[in-house]
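Before any comments, here is the structure.
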Amino acid sequence: MPDTPILEVRDLKMHFPVNEGILLRTNKFNKAVDGISLSIQAGETLGLVGESGCGKSTLGRCITRLYQPTSGSIFFEGQDITRLKGNALLPFRQNIQMIFQDPMESLNARHTVGDILEEPFIVQKIGDRISRKKRVQELLEIVGLPARSTSRYPFEFSGGQRQRIGIARSIALNPKLVICDEPVSALDVSIQSQILNLLIDLQKEFNLSYLFIAHDLAVVKHISDRIAIMYLGKVAESAAGETIYHHPKHPYTRSLISAIPIPDPHRKIKRQVISGDVPSPIDPPSGCSFHPRCPHVTDRCKHEPPQLRFIDDKHLVSCHFDL
Amino acid sequence: MPLLEISNLTTEFDTDEGRVRAVDQISFSANAGETLGIVGESGCGKSVTALSIMRLLPQPMGQIVGGSVLFQGRDLTKLPLSEMEKVRGNEIGMVFQEPMSALNPVHTIGKQLAEGLLLHNDYGVQKALKESIDILDRVGIASPDVRMGEYPHQLSGGMRQRVVIAIALACKPALLIADEPTTALDVTIQAQILELIKELQTEMGMSVILITHDLGVIAETCEQVVVMYAGKIAEKGSVFDVFDNPSHPYTRGLLASIPRLTTQPKSKLSVIDGMVPGLRDLPAGCRFENRCPYARQACTKSVPPIQIVEKRHEVSCFRWRDI
Ligand SMILES: Nc1ncnc2c1ncn2[C@@H]1O[C@H](COP(=O)(O)OP(=O)(O)O)[C@@H](O)[C@H]1O
Ligand SMILES: Nc1ncnc2c1ncn2[C@@H]1O[C@H](COP(=O)(O)OP(=O)(O)O)[C@@H](O)[C@H]1O
Ligand code: SF4
Ligand SMILES: [Mg+2]
Ligand SMILES: [Mg+2]
C-alpha cells in the first residue's frame, strides 16, 4: 500500500453557469473541469499540461478552495476538505499555497515586500513582530533576494524577482503543497531557468509537493515526476514524465509533443500538425472530446466517450484504442 | 544582391527621462526567398528593429538617427511617407503578435481584406471579393464565404492570425515581417501557423523576417539568425553556424538554459546570472559584460567589434576564440 497521498482529487467538476440571452437565464454550463481524478505524493511534482482554456487554472483554484467545486472531492492527507469552511479551513490554507503566472496580480502593489511577506504570519497569528521580521529576512535569503528588499515595492523589481517574492510568500508558512500556476510562462528563458532551479531546490530542501501547471511540455517534463495531459476539462493521459515523452499513447499527447519546436536545426522530422481549434467547453464535442481533431477518429469515437483506463500500473489513457 | 540590407541602423526614443537608444548600429541582410530569424529576450530591440524597417515607430518619440535600410535598392529611411505607404502592404507585409491590433473590430473580415486589395490593385469590387474568399481559403479558413461576413471577435486567436496573414499576403509582398506571430497561440496552433507561413513562402517565393524569443522556432523555420542583446547584435549567421558553434557567451548561455524534453528531470539548468540592463544604465563596454562568465577588464572598457568566425558567421565578443 502506498502512503496516503498529500493530495487526492476524485471526480472533480467545476461547471460555471453561462449567462445568455436578454433574461440572463442560465441554461448552459462551462464545464471547465469535468471529472478529474489525480493524486500527489509527498515530495512529488505532478505536472499538468494542456492548451489554454482546458481548465488547468480552474482545477488549481478548486484545490486551493478559491472556487467551490460543483461536485467531486478533494482530500488533503486523507481528510476530505471539499466542503470545509471558515476556521476549519485555516490549517489547510496554510498547507496549500499557490504561485501565479503574474506575481503582480497576487502581490499587493501598495505594500512593501516586507509587509507582503509578513502578512501570512499575521493572518495565521504566528510569532511576534521580531520573530516575524527575522523570518522575512530568512525567506528573502532562501529565494535569493537582497535583505534590503523589505522596504521596496513590487513594481521596483523585475519579473523574475517578483516571481521570487511570490515564491517566498508561498513558502512562508511551510506548506506541504504548492500549486504553481504557470510560474515561468511570462519569463525570458535565462530567467525561467533561474526560477525552475529555485523551485527544484526548495522542493528538495522542504520536501514540498507541487502541482505544476504550464502549457510548455518541455518545462513541465523538466520539473515533474509524473505528468497529466488535460484536454477540455478532462485528463487525456497521465504517466511518468519519461513515459509521456517516450511512449505517449493518446493521440493528443502525441500531437502536443510533435508540435514542440526543438532548438536543433538538424532535426528535420516532419511535424504531425493537427488541424482545428480547441472546441468550447460550453458545447464540447460528443463522444471523445478530441474526436474532431484526432487523426485516428472512428465512428465509435463520435458517440462513445472513452473512459480513463490503466494500460499499465502507472499509465492512464483516455482513448478507445491501443495506438 | 540581398533583398533587404540593413546597415548601422540606430533608433532612439525621447522619453521623460531623456533619450534612450533602443537599437544601436545593427547590420544584417536578408536574401530573397530566405527566412531570417531575430531572437533575443524581451526588450532587446526586436520589435523596434521591425518598426524601424517599416517606418512605423511611435511618433514623435521614436526616431531613426542613423544607418540605412536598403530594400530592393531603395533606402527606406529616406523615402517620403507617401512612398513608404505604398511599400507597406504592397511590397512588405507585416504580422504582429496580437492579431486584434491589426484588425478593425467594427469591420467584417471581408471588408478589411477586400479594402487592402482595392487599395493596392486595379480591381473591381467583385474581383476583390472573389479574391478575398480565395485567400481566406488558402490560409486554411473553413467556409470562407461565411467568414467574410463575420467580425474579428467571432474568430478564435488562431483564426484571427490566419486572417492577418491573409491580409498581409494579399498583395503578394516580396518580404513578410512577422513579429512574434505565434507567441500568443497554443503550441498546436503555433505549429499550424508556422507551417502555413512556410507553405506560403515557398509558393510565393517571398522572404520572411521572423521575430521570436523561442530558439526552437528559429531552429525549425529559419535559414539565417540574428541574436540580439540590449539593442545590439551579439551574433549572427546561418542556423547551423549559430546552433552548432555558438560563439557569443550570450548565445551559449541561452542555448544552455532551455529545458529540453531530453534533459534529466530535476537536473540543474544552466543560468545566465543577473538580468538584462535597462537602456538607461547600459554598460559602457560590452553590453553583456555584467552577466558574462568570461568577462575581463577589456570587456568593460570598450564595445567589442564585429569579428568574423566564418564566412557569414559574425560575433561581437573580445573573447570568442578563448571560450
Ligand atoms: N471564474 C470563472 N467564471 C466563468 N468561467 C470561467 C472562470 N474561470 C475560468 N472560466 C472558464 O473555464 C474554462 C477553463 O479556464 P481556465 O481554467 O482558466 O483554463 P486554463 O488555465 O487551462 O487556460 C475557460 O473556458 C474559461 O473561460
Ligand atoms: N515608445 C517607446 N518609448 C521608449 N522606449 C521604448 C519605446 N518602445 C520601445 N522602447 C524600448 O526599446 C527597447 C526595445 O524594445 P522592443 O524592441 O519592443 O523589445 P523586444 O525585443 O521585446 O521586441 C526596450 O527597452 C523598450 O523599453
Ligand atoms: S566581450 Fe567580454 S563580456 Fe562581452 S561577451 Fe565577450 S567575453 Fe563576455
Ligand atoms: Mg490558466
Ligand atoms: Mg517585441
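Worth a mention:
- Matching option when the condition is open to solvent by 70 Å² or more (accessible area, probe 1.4 Å), closer than 30 Å to B:LEU36 by Cα and not β-branched (Val, Ile, Thr), among A:ARG300, A:ARG271, A:ARG267: A:ARG267
- Selected residue (criterion: surrounded by the fewest Cβ atoms within 10 Å (Cβ to Cβ)) from residues of region A:303-323 that are among the aliphatic types (A, V, I, L, M) and within 23 Å of A:PRO281 (Cβ to Cβ): A:LEU308
- Residue in region A:178-194 that is within 16 Å of ligand 3 (Cβ to nearest atom), without any contact (Cβ under 8 Å) to a residue 60 or more places away in the chain and open to solvent by less than 30 Å² (accessible area, probe 1.4 Å) present: yes
- Residue, nearest to the other protein chains (Cβ to nearest Cβ), within region B:295-307, restricted to residues that are open to solvent by 100 Å² or more (accessible area, probe 1.4 Å) and more than 7 Å from ligand 3 (Cβ to nearest atom): B:ILE306
- For B:GLY140, the conditions (1) within 14 Å of chain A (Cβ to nearest Cβ); (2) under 28 Å from A:CYS54 (Cβ atoms); (3) open to solvent by less than 20 Å² (accessible area, probe 1.4 Å); (4) in contact with a Lys or Arg (Cβ under 8 Å, 6 or more places away or on another chain) all hold with the exception of (3).
- Taken over region A:85-136, residues that are open to solvent by less than 40 Å² (accessible area, probe 1.4 Å), within 19 Å of A:LEU177 (Cα to Cα), modelled with pLDDT of 90 or more and of a type outside the set (A, V, I, L, M, F, W, C) amount to 3.
- Check on B:ASP122, surrounded by fewer than 19 Cβ atoms within 10 Å (Cβ to Cβ), without any contact (Cβ under 8 Å) to a residue 12 or more places away in the chain and among the charged types (D, E, K, R): yes
- Some residue of region B:175-192 being open to solvent by 10 Å² or more (accessible area, probe 1.4 Å), more than 9 Å from chain A (Cβ to nearest Cβ), more than 17 Å from the chain's Cα centre (by Cα) and modelled with pLDDT of 90 or more: no
Quick grid of which residues meet (1) of a type in the set (Lys, Arg); (2) under 21 Å from A:ASP102 (Cα atoms):
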{"position": "A:LEU202", "(1), (2)": "no, yes"}
{"position": "A:VAL220", "(1), (2)": "no, yes"}
{"position": "A:ILE229", "(1), (2)": "no, no"}
{"position": "A:GLY233", "(1), (2)": "no, no"}
{"position": "A:GLU237", "(1), (2)": "no, no"}
{"position": "A:GLY241", "(1), (2)": "no, no"}
{"position": "A:ARG254", "(1), (2)": "yes, no"}
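- Residue match in region A:231-242 (condition: more than 30 Å from A:PHE16 (Cα to Cα) and assigned to a loop (DSSP other than H, G, I, E, B)): no
- Residue within region B:257-269 that is within 14 Å of another protein chain (Cβ to nearest Cβ), over 20 Å from A:GLY160 (Cβ atoms), surrounded by 14 or more Cβ atoms within 10 Å (Cβ to Cβ) and touching a residue at least 60 places away in the same chain (Cβ under 8 Å) present: no
- Of all residues in region A:220-264, those satisfying the criterion of being surrounded by 24 or more Cβ atoms within 10 Å (Cβ to Cβ), among the polar types (S, T, N, Q) and more than 10 Å from chain B (Cβ to nearest Cβ) are A:SER238, A:THR253.
- Being within 16 Å of A:LYS314 (Cβ to Cβ) and either of a type outside the set (Phe, Trp, Tyr) or part of a strand (DSSP E or B) (or both) is a condition met by no residue of region A:260-267.
- Neighbours by Cβ (under 6 Å, 6+ apart or cross-chain): first from region A:40-68, closer than 16 Å to A:TYR210 by Cα; second within 13 Å of ligand 1 (Cβ to nearest atom) and among the basic types (Lys, Arg): A:LEU48/A:LYS56
- Residue that is nearest to ligand 3 (Cβ to nearest atom) [pool: residues in region B:203-225 that are in a helix (DSSP H, G or I) and within 15 Å of A:ARG267 (Cβ to Cβ)]: B:LEU215
- For first residues located in region A:275-301 and within 16 Å of ligand 4 (Cβ to nearest atom), partners that are among the hydroxyl-bearing types (Ser, Thr, Tyr) and lie 6+ apart or on another chain with Cβ distances below 9 Å form the pairs A:VAL278/A:SER52; A:VAL278/A:TYR231; A:VAL278/B:SER156; A:VAL278/B:THR188; A:PRO281/A:SER289.
- Any hit, region B:27-36, residues being away from chain A (no Cβ under 14 Å) and within 16 Å of ligand 5 (Cβ to nearest atom): no
Residue by residue, here is whether (1) at pLDDT 90 or above; (2) away from chain A (no Cβ under 14 Å); (3) open to solvent by 50 Å² or more (accessible area, probe 1.4 Å) holds:
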residue	(1), (2), (3)
B:ILE133	yes, yes, yes
B:VAL163	yes, no, no
B:GLU195	yes, no, yes
B:ILE209	yes, yes, no
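- Of the residues making up region B:234-246, at least one is over 29 Å from A:GLY50 (Cα atoms), more than 11 Å from chain A (Cβ to nearest Cβ), charged (D, E, K, R) and touching a residue at least 24 places away in the same chain (Cβ under 8 Å).
- Hey, B:LYS236 over 22 Å from A:LEU187 (Cα atoms) and either open to solvent by 10 Å² or more (accessible area, probe 1.4 Å) or modelled with pLDDT under 95 (or both) or not: yes
- Where strands (runs of 3 or more DSSP E) fall entirely within region B:1-113, none has at least 2 residues that are over 24 Å from B:SER207 (Cβ atoms), free of Cβ contacts under 8 Å to residues at least 12 places away in the same chain and open to solvent by 20 Å² or more (accessible area, probe 1.4 Å).
The values are calculated or read from the model by the stated rules, or taken from the named source; none is laboratory data. All values reported here derive from a predicted model rather than from experimental measurement. We place every Cβ from the backbone using ideal geometry, glycine too, and count neighbours over all the protein chains shown. What goes into the accessible areas is simple: the full protein's heavy atoms, side chains included, and nothing from ligands, DNA or RNA. Shrake-Rupley method; radii C 1.70, N 1.55, O 1.52, S 1.80 Å.
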